[in-house]
Amino acid sequence: MKHFIDDFSIYADGGESSIAAELFAAELEARTGRAPRFTDNSGKARFAFFTDGRDNKDSFTVKSEGGRTVFAAGGVRGLVYAFALFLRKSVFDGVFFETICDIRGEYSPAKRIRGHQLGYRTTPNTYDAWSYDDYRRYYLDIMFMGCNTVEHIPYESGKSKRNPLMKYDEEEFLTEASRMADELDLDVSLWIPNSADETDESAAERRKALVEKLPRVNAVFPPGGDPGCLPAKEFLQRCRAIGKAVKSVREDVEIWPSAQAPHEFDNWGEEFLAELRKDSSYIDGIIMGPNHILPLDKLRESVPDCLPIRFYPDITHNLRCEYPVHFDRDDWHFALCAGLGRECTNPRPFEYAHLHKITRDFVCGSVSYSEGVTDDVNKFVWSSLDFDPRADVKEILADYARLFFWSVPEILIVEAITGLEQNWEGDPAENEGIENTYNLFRLLSEKYPRLNENWRFVQLLFRAECDLILRHRRCFELSLIEKAKALILKGDIEGAKAVLSTDYDGDYKELRADIERLGERLFKLIGLQLDVERYFADNPERGAVLDTIDLPVTDRMWLLNRIEYSEKFDENERLKFLEKVVNRNRVESDELYYSVAENEIAGAGLSQEGEVYINVLADRVNINDGRLPTCLFKIFDNTSFRMRADGFTPGKDYLLIVSFVKKNIETAENLTITANGKMICASNAKGFENAEYDEEMLCDIFSSREYLLPAGVFKNGGLTLVMEEEKNCVMFAELRIVRA
């Protein structure tokens, strides 16, 4: 049923309900252009706010009485959740509004901790540029999702890294950020890593002084590692000392150390658990995050039952992280890795809903790792699921649309955001959906021009344009490469060079210019830092998409590089060399070529043991500069690699040729390679080097090694290959099995 906006009137019974009512009135005015009136007559108000004395701050009630909507809760937090539900389920259109479903009922969250990290430091791609008003606005925004915790990072005044965007002294900022959180009844958690130059006593005193100073602190999070460099026993001893000190000031402050292992120590995890079982005094719970000592289910089995586990999910990063894009199969295409990098705008609603589903039974809640607003959609999805794990993902996105893009049909916003996630399926050159997603965003931009001043919409449009330009560039360059290779095989090197040097057309250049324009607008609207030089991104991998969007996504630049390299040969040798370049990855029908970047993990034919880490080189501006073919864009990094291959010719010897990370293979002490269970390489056997191949076909990061695979190791033309290195890990980008 539609209602006239003139019907708006608000009653509040005083105190915290009045704070919530004022916030609600501001939201209504923003959507309608009309300020609601306040009344002292609760019976005649269109909306009424009441505090009802309940102890649970996170629960609330929505009622309908005599034509009015009544919000009731224990305080401002619950009342914000209550009116946010109304906003999420209401459509505003000119002089009318309509609530799309019956929202009456009692509400209480599934998880008791629901938060996000909002650290004021140079690392984030956004937060360091914000004012206090920006932070307060974002506090409210994430509360509208059901969030109840903000996590800050106290750096020391005069010692921490700063940039020109930061308006405030870090310690002064933290005090005000804590005060604003307290005003909204948001819990405050502090992420404070250990320092090697502190003693237990000085570390405890520093944190005690901080807790005394801040208006509100509810939790202290000392990470075990990342950063952190204390042995497990010493780490927990320090955590207990910190707990004792801060609880002497505020007994309700909780201490949550994380089971994140520093790389410096062997057996850190085992020692952490043993010490924790021995003495968990002053410790209120354990955090599971990156570099975890055990998978979450195993950690829950190993941590004492009395200690809850808080999840620390990384919802910001796309690669070189705990949950990379398509974390369950690790197949994000290398062209997207190259152009978009580690920290672009990355709505992944369905993937993170899947992650939430497989982790939520083991934890009491979460505070996400976040480095800016590029993960804004993910924050909304994650907090909504922490509040109600039964929530439908598309309905969560529809809530997001109604909340932040009012008067725009939510179905279009949902389709557009879903399209961005689907843009990342497969090779962008083969994904025509990228065009459809862009066209939808462009339609929205033209039909609803006020969206172009909404930073949330503009950053989604920016992503759609980035996806599109990567698709266009890849399609264009792959066509050039095919033509150039044919010319090289005909002996026309100069013709091939001319083809590979073909410039982009006007449409491409216009799209590229628009990406720059949107980047500038985002910096002005929300402080989004999309490059290092102009917008002060901390470094290229911290969301600086304008620094990575033009990186190679095909072998075009590498082929030009190799043509230039070939000039040192005489004409006959030059043609032979370039023929090898063109056929670099070609093998015979009874041979095998495998690239981590091009064939992905699934191409190995066997599931891998443990948690595989893929180190992506594609977005490294100092590496992906034309000297790297795309087949070397990703590095497999794990203690073992398993592969199954068939179709080899019986009775023939073969060579296994692996392109390892150079520094890794040179220091490897325990590399073993087995073929169908038979040892091919044992202990320090490094294999045969091929310096000529390394210079011509690799770059200085890699070193190839050759190993003989005797005919006797094959079984019916098949092979199960296992490479293991327990200490340094197996790090390689490609391998071949070719006739000896």
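The values are calculated or read from the model by the stated rules, or taken from the named source; none is laboratory data. Remember, predicted model here, so these are calculated numbers, not experimental data. Cβ atoms come from the backbone with ideal geometry, glycine included; neighbour counts cover every protein chain shown.
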Taking segment 325-360 and keeping only residues that are of a type in the set (Val, Ile, Thr), in contact (Cβ under 8 Å) with a residue 60 or more places away in the chain and surrounded by fewer than 21 Cβ atoms within 10 Å (Cβ to Cβ), one is left with THR359
Pairs under 8 Å by beta carbon, first residue loosely packed, with under 15 Cβ neighbours inside 10 Å in segment 600-627, partner assigned to a loop (DSSP other than H, G, I, E, B) and among the basic types (Lys, Arg), six or more apart or different chains?
-> ALA602/ARG329
Among LYS652, LYS686, LYS678, which is the only one that is free of Cβ contacts under 8 Å to residues at least 60 places away in the same chain, among the basic types (Lys, Arg), in contact with a helix residue (DSSP H, G or I) (Cβ under 8 Å, 6 or more places away or on another chain) and farther than 29 Å from ASN622 by Cα?
-> LYS678
Could you identify the single residue in TYR138, TYR120 that is buried (at least 17 other Cβ atoms within 10 Å of the Cβ), in contact with a Phe, Trp or Tyr (Cβ under 8 Å, 6 or more places away or on another chain), of a type in the set (Ser, Thr, Tyr) and not in a helix (DSSP H, G or I)?
-> TYR120
Which of the residues that make up segment 49-83 are surrounded by fewer than 23 Cβ atoms within 10 Å (Cβ to Cβ) and hydrophobic (A, V, I, L, M, F, W, C)?
-> PHE50, VAL62, VAL70, ALA72
In segment 113-141, how many are within 23 Å of LEU165 (Cα to Cα) and touching a strand residue (DSSP E or B) at 6+ places or on another chain (Cβ under 8 Å)?
-> 6
Taking the stated definitions as given, is GLY519 touching a Leu at 6+ places or on another chain (Cβ under 7 Å) and under 22 Å from GLY341 (Cβ atoms)?
-> yes
Scanning segment 585-629 for residues that are among the polar types (S, T, N, Q) and under 23 Å from ASP653 (Cβ atoms), the one nearest to the chain's Cα centre (by Cα) turns out to be ASN585
Could you list, in sequence order, the residues of segment 340-363 that are touching a helix residue (DSSP H, G or I) at 6+ places or on another chain (Cβ under 8 Å), of a type in the set (A, V, I, L, M) and closer than 21 Å to GLY419 by Cα?
-> LEU340, ALA353
Inspect segment 262-285 for any residue being free of Cβ contacts under 8 Å to residues at least 60 places away in the same chain, assigned to a helix (DSSP H, G or I), aromatic (Phe, Trp, Tyr) and under 29 Å from VAL612 (Cα atoms) and give the result as yes or no.
-> yes
Residue ID - farthest from TYR282 (Cα to Cα), chosen from residues in segment 190-230 that are in contact with an Asp or Glu (Cβ under 6 Å, 6 or more places away or on another chain), at pLDDT 95 or above and not aromatic (Phe, Trp, Tyr) = PRO215
Just wondering, is there one or more residues in segment 45-63 that are within 30 Å of ILE192 (Cα to Cα) and in contact with a Lys or Arg (Cβ under 6 Å, 6 or more places away or on another chain)?
-> yes
Being of a type in the set (S, T, N, Q) and surrounded by fewer than 22 Cβ atoms within 10 Å (Cβ to Cβ) is the filter here, so list the residues in segment 689-740 that pass it.
-> ASN690, ASN716, THR720, ASN728
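For (1) assigned by TED's automatic domain parsing to the domain that holds ARG300; (2) touching a residue at least 12 places away in the same chain (Cβ under 8 Å); (3) under 22 Å from the mean Cα position of the chain (by Cα), each residue gets a yes or a no:
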| site | (1), (2), (3) |
| --- | --- |
| PHE362 | yes, yes, yes |
| SER368 | yes, yes, yes |
| ASP376 | yes, yes, yes |
| SER383 | yes, yes, yes |
| LYS394 | yes, yes, yes |
| VAL408 | no, yes, no |
| PRO428 | no, yes, yes |
| ILE434 | no, yes, yes |
| PHE441 | no, yes, no |
